[in-house]
1. Enumerate the pairs (first residue in the stretch B:118-135 and among the basic types (Lys, Arg); second residue anywhere and open to solvent by 30 Å² or more (accessible area, probe 1.4 Å)) with beta-carbon separation below 9 Å, excluding pairs fewer than 6 apart on the same chain, so at least 6 apart or on different chains.
2. Pairs, please: C-beta under 7 Å, at least 6 apart or cross-chain, first residue touching a residue at least 12 places away in the same chain (Cβ under 8 Å) and in the stretch A:47-71, second outside any helix (DSSP H, G or I)?
3. Are any residues in the stretch A:30-56 more than 14 Å from chain B (Cβ to nearest Cβ) and within 21 Å of residue B:30 (Cβ to Cβ), and if so, which ones?
4. Checking residue A:13 against (1) exposed (fewer than 15 other Cβ atoms within 10 Å of the Cβ); (2) within 16 Å of DNA strand C (Cβ to nearest atom); (3) in contact (Cβ under 8 Å) with a residue 12 or more places away in the chain, which test does it fail?
5. Within the stretch B:148-167, how many residues are surrounded by fewer than 16 Cβ atoms within 10 Å (Cβ to Cβ), part of a helix (DSSP H, G or I) and away from chain A (no Cβ under 12 Å)?
6. Taking the stretch B:18-29, which residues are surrounded by fewer than 19 Cβ atoms within 10 Å (Cβ to Cβ) and either among the β-branched types (Val, Ile, Thr) or within 13 Å of another protein chain (Cβ to nearest Cβ) (or both)?
7. Tally time: how many residues in the stretch A:4-35 are assigned to a loop (DSSP other than H, G, I, E, B) and within 14 Å of residue A:59 (Cβ to Cβ)?
8. Provide a single number: the residues in the stretch B:205-222 that are surrounded by 10 or more Cβ atoms within 10 Å (Cβ to Cβ), at pLDDT 75 or above and either farther than 13 Å from residue B:159 by Cβ or within 7 Å of another protein chain (Cβ to nearest Cβ) (or both).
Protein chains: 2
Amino acid sequence: MSHSLGVRQAQKQKTRQALLDAALGLLEEQSLSSLGLREVTRVVGIAPTAFYRHFRDMGELGVALVEEALGSLHVMVRAILAEQDAAEERIDRTVAVVEQHVRQHPLHIRFVARERHGGVRAVRQAIAGELDRFAQEVAAALKSQPASEGWRDEDVRMLAELYVDRLVTTAAALLDAEEDGAEGAAGQVVRRSRRQLRLISIGRRHWREDRRGEGEEERGEG
Amino acid sequence: MSHSLGVRQAQKQKTRQALLDAALGLLEEQSLSSLGLREVTRVVGIAPTAFYRHFRDMGELGVALVEEALGSLHVMVRAILAEQDAAEERIDRTVAVVEQHVRQHPLHIRFVARERHGGVRAVRQAIAGELDRFAQEVAAALKSQPASEGWRDEDVRMLAELYVDRLVTTAAALLDAEEDGAEGAAGQVVRRSRRQLRLISIGRRHWREDRRGEGEEERGEG
DNA sequence: TAGTTCGGAGAACGGTTGTTTACTGGATGA
DNA sequence: TCATCCAGTAAACAACCGTTCTCCGAACTA
């Protein structure tokens, strides 16, 4: 599977990865739409023209970065969803995993947060697509839980998006907290995030009893 | 107050505003760190060098845009907070106001969403500062409500941030929904957002009874 | 071994950028 | 009325940009 690449292909992938790494590094302090092709190749140590052997333009490189960035996070959240702990412990585990991920891949997080609403359409769409598949998985996991019995699919999806959004926001907030150097800032973000997830969890638990008898509203709209 | 500006100062403010407007327009399809000084002055129709009569650099213009963008939103949310409706109607009102604001000032919303994690530090900090004051106000309003009786300040603040974050996210989502042209996309965002706020509201209502007896956890950390 | 493929190098292109310096002409205030 | 102020102008600067075209040499294939 992996030993079957020739010397040539292996070298090409290596340079390609070097381009991605260099770009990711440079993107810590600027945004994709201002990142120059020459700037990236200069860091890698290759001629500007060699860039075209790997990507048509910076937008295409950006999309590749999206896949790389969301890929690893995808694996971790999938692991969380597979767990069967009680709500309380699960929340703590979830936040801990996010925290660890931010520490291990800060540049990936920064990139996603920055380009999610950034100036390059293709990259925005790529991120939106990944986060959507993301929410889809979370929704599927939530649906199979006893707490979701009697829930409409639309409401499960609504909750899933709320969770996913919270994770992304928390990750970005953690990054900001660590960068401006305030001592307990990161800890406060973690603690606050846990409580927000708990509040959502409580809202989830009481959703049906509170919404009883209002099930017919807004019929015929969706 | 306002009639007291001379012809000179009035004209200066006019071009300054023209610079802000031109920049805001250009920022619909790119990010601040890639926006050029010449690009802006070209749209306004003045010489590039005239830019320096108003701003030291693009970062300073960005900060001015932050104040302009968050200012109007500030007013509207303040109005919402002052209302005394029941939870249900208040949520509907809130989302409706956000929806209206997005329609009236789409460029401002786009700008804030994009530059909140964008590549210009000064602008990021300006936005973070404004949103913080924002959350502060929301927290104060929440605290004075009967539903917050017995809540710790830290938890009120946690809830306030959850609300503010939801508003910003909803506004950005609305913008995206309207831009990719899908027919009912905006409506779905609105409906989903309402339900998310309701779920949070339910969580709020049951927060204390659910957290009873756990008040001593995490002591000595904050 | 001979011929082909292809990642990368190098030079050159027209165009744009931020910034400086010196200047103009109308509003300003005594 | 007259000297001062100052928003905007004009020209020039070196630096950088994306992109094209041509070529090289090592890795491939047959």
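The values are calculated or read from the model by the stated rules, or taken from the named source; none is laboratory data. Note that the structure is predicted; figures quoted are calculated from it, not measured. Cβ placement follows ideal geometry from the backbone for every residue including glycine, while neighbour counts extend to all protein chains displayed. Each accessible area value is taken on the protein alone, full model and side chains, heavy atoms only, with ligands, DNA and RNA left out. Shrake-Rupley method; radii C 1.70, N 1.55, O 1.52, S 1.80 Å.
1. B:121/A:29; B:124/A:176; B:124/B:116; B:124/B:117
2. Pairs found: A:58/A:35; A:59/A:120; A:61/A:55; A:62/A:120.
3. Going residue by residue through the stretch A:30-56, those that are more than 14 Å from chain B (Cβ to nearest Cβ) are A:38, A:40-56.
Within the stretch A:30-56, A:38, A:40, A:51, A:55, A:56 meet the criteria.
4. Of the numbered conditions (1) exposed (fewer than 15 other Cβ atoms within 10 Å of the Cβ); (2) within 16 Å of DNA strand C (Cβ to nearest atom); (3) in contact (Cβ under 8 Å) with a residue 12 or more places away in the chain, the odd one out for residue A:13 is (3).
5. Matching residues across the stretch B:148-167 total 1.
6. B:26, B:28, B:29
7. Just the residues of the stretch A:4-35 that are assigned to a loop (DSSP other than H, G, I, E, B), to begin with: A:4-6, A:27-31, A:35.
From what is left, the residues that are within 14 Å of residue A:59 (Cβ to Cβ) are A:27, A:31, A:35.
Here the count works out to 3.
8. So the count comes out to 3.
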